[in-house]
Amino acid sequence: MIAGMWIRSTMAYRASFLMTAFGSFAATFLDFVAIMLMFSRVDALGGWPLPEVAFLYGLSGTAFGLADLVIGSTERLGRRVRDGTLDTLLVRPAPVLAQVAADRFALRRLGRVTQAGLVTAWAVVRLDIDWTPLKLLLLPVTVVSGCGIFCSVFVAGAAFQFLAQDASEVQNAFTYGGTTLLQYPPTVFAKELVRGVTFVLPLAFVNWLPAAFVLGRPYPLGLPEWVAFTPPLVAVGCCALAGLAWRAGLRSYRSTGS
Amino acid sequence: MGAGRLYAAVAAGGFRRYATYRAATAAGVFTNTVFGLILVYTYRALWDEKPHLGGWDQAQVVTYVWLGQAFLSTLAIGGGGVEGELMERIRTGDVAIDLYRPADLQMWWLATDLGRASFQLLGRGVVPFLFGALCFPVYLPTDPGTWVAFSVAVLLAMVVGFGIRFLLALSAFWLLDGQGVMQISWIAGYFCSGMLLPLNVFPGALGEVVRVLPWSALLQAPADILLGNADPLGTYAFQGAWAVVLLGAGRLMQSAGTRRLVIQGG
């Protein structure tokens, strides 16, 4: 309902909505243009050709775009903690997290999902994949689990803002930084970094591992093949941890008193 | 009080104001460092495939990445300068108070933005740059003359950056809601300044076009001087010309906008 209210309010300035939706589409599209410009100079990056990198890009972008659409508004939480307007949400008879997520719900973020979806489709057409039912099933499961993993990063970031207040930019390092990292093949990065985003902050499960299975690529860190099917479990685990962090954060909230 | 001292005080105010957000600055340093790391690895993979792409070696590319992270918030390439506040003041009508001050609107905001930019350079730029220089092989010129020439180009880049954003902020006199304009300008800024990919890697005609646009005065121009790819005087002429054009256009738009301004009485 709150989301619906924000949609109606953005539609009041229809021209501005169209411009920002287009802007959101174009901003994410330019990321991909940068990758295409790189490939205008080389044939492969870290040993991966353009369609395979586009596949990574599409999966990561779709998962992140959906998470951003659902819960990306949580990055505004720091401001609400600072100026004390979080109190209004606390007294309403609805879960605070749902309200924070719907706060200034921005339909323009569909631009990112659309763009990433188109890149995925292009990559699938260009790639010569030997499709099996298992691979076909893995694609939607990967996107949904990836969305879950990114959602938990957003929620954990929001919980951190109860402590840090005006440090919402730290969250960007993990959300936007995470999706940017995943757009490139794991072979590009140092081993320690790949280890970190596999075992500490399990971003590798968003696209690197399932994509390695679908494309028949060697797994990063020499992991066994079955890990390509663990993203749903990882997503559930992340969401549980993020939920705990959120509750701890909310309990520690003290109003500004003004 | 002389005009020079007035604007110096305004600039100092801008510096101090941003210096109060310590947690935000620390968060920014962290984020710039993370993004710098990701970019360093991807660019190094690119240069592994094609050594000496764009006339640079690996060390020069790594230096370029950390310069970009240092300049991102300094020059407000992705937004976050004074333009957001100016737009809000135009929308609410508070800009009338600015016009009432015994100072020129454009110079006032330029001074504030220069103060802001200087703080961001010291507060958010230096630490990621040092981190990059310590963790990766980088190209750093040893001759002090190059660093002096580079600093002048950075200052000119700050003025050009303000010139672009001031023009966009003034569009609020006509559009009121400037969100869309800002967003499109940030996208153009990212792409055309070389934040997404160094401009000397852009292929063919596209590379030549982005080279003459004002955004190339922001990151690419100072970087070219530091990395020994450009003659300082030619670079200054390019940056200076854009600064004059943009500030002149801003002045024209300012007088057109303020004539249009209707203050709502309360």
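The values are calculated or read from the model by the stated rules, or taken from the named source; none is laboratory data. Remember, it's a predicted structure, so these values are computed and weren't measured experimentally. Neighbour counts run over all protein chains shown; Cβ positions are idealised from the backbone, glycine included. What goes into the accessible areas is simple: the full protein's heavy atoms, side chains included, and nothing from ligands, DNA or RNA. Shrake-Rupley method; radii C 1.70, N 1.55, O 1.52, S 1.80 Å.
Odds and ends about this structure:
- Placing +1 on the Cβ of every Lys and Arg and -1 on the Cβ of every Asp and Glu, with no other charges, gives the protein assembly as shown a dipole of roughly 1400 debye about its Cα centre.
- One decimal place: the segment A:Y253-A:Q165 gains 30.6 nm when fully extended, by the rule 0.36 nm per residue minus the C-alpha distance.
- Unit charges on C-beta of K, R, D, E only; dipole of region B:3-265, Debye: 700
- Length-normalised contact order for chain B - Cα pairs under 8 Å, 6+ apart - percent: 25
- With Cα atoms, 0 to 90° folded angle of helix A:14-41 axis to chain A main axis: 30
- Region B:100-157: C-alpha gyration tensor shape, a/c 1.5 cut-off, then a/b vs b/c: oblate
- At least 15 Å along the helix axis (C-alpha) and Kyte average at least 0.0, DSSP helices within chain B: B:3-19, B:22-49, B:58-74, B:105-120, B:144-170, B:179-193, B:232-260
- Theoretical FRET efficiency, 1/(1+(r/R0)^6), r = Cβ-Cβ of B:S151 and A:R80, R0 41 Å, to 0.05: 0.55
- The angle between the Cα long axis of helix A:2-11 and the longest principal axis of the Cα atoms of chain A comes to about 80 degrees, rounded to the nearest 10.
- For region A:238-245, backbone phi angles converted through the Karplus equation (6.51, -1.76, 1.60; θ = phi - 60°) give residue-by-residue couplings of 4, 5, 4, 5, 5, x, 4, 4 Hz, Gly and Pro being listed as x.
- Calculated FRET efficiency, B:V245 to B:R5, Cβ-Cβ distance, R0 = 30 Å: about 0.60 to the nearest 0.05.
- Degrees, to the nearest 10: A:169-182 long Cα axis against longest axis of chain A: 20
- Gaussian network model of chain A, springs between alpha carbon atoms under 10 Å - residue of A:G58, A:G146, A:G78 with greatest fluctuation: A:G78
- Inter-probe distance in nm under a simple model that places probes 7 Å from Cα toward Cβ, at A:R104 and B:D231: 4.9
- Chain A, relative contact order [Cα under 8 Å, separation at least 6], %: 28
- Environment charge at A:R104 (Cβ cut-off 14 Å; Lys +1, Arg +1, Asp -1, Glu -1): +3
- Per-residue ellipticity at 222 nm computed for the protein assembly as shown from its helices equals -23000 deg cm²/dmol, with DSSP H segments shorter than 4 residues left out and the rest contributing -39,500 (n - 2.57).
- The length gained on full extension between A:R217 and A:L134, counted as 0.36 nm times the residue separation minus their Cα-Cα distance, comes to 28.3 nm.
- GNM result for chain A, Cα springs below 10 Å: residue of A:L66, A:L45, A:L223 fluctuating most strongly: A:L223
- Total accessible area lost when B and A pair, probe 1.4 Å, Å² to nearest 100: 3000
- Listed residue (B:V148, A:T142, B:A256) projecting farthest to the positive dipole end of the protein assembly as shown, Cβ model: B:A256
- Candidates B:W56, B:W215, B:W174: whichever shows maximal mean-square fluctuation once chain B is modelled as a Gaussian network with Cα springs under 10 Å: B:W174
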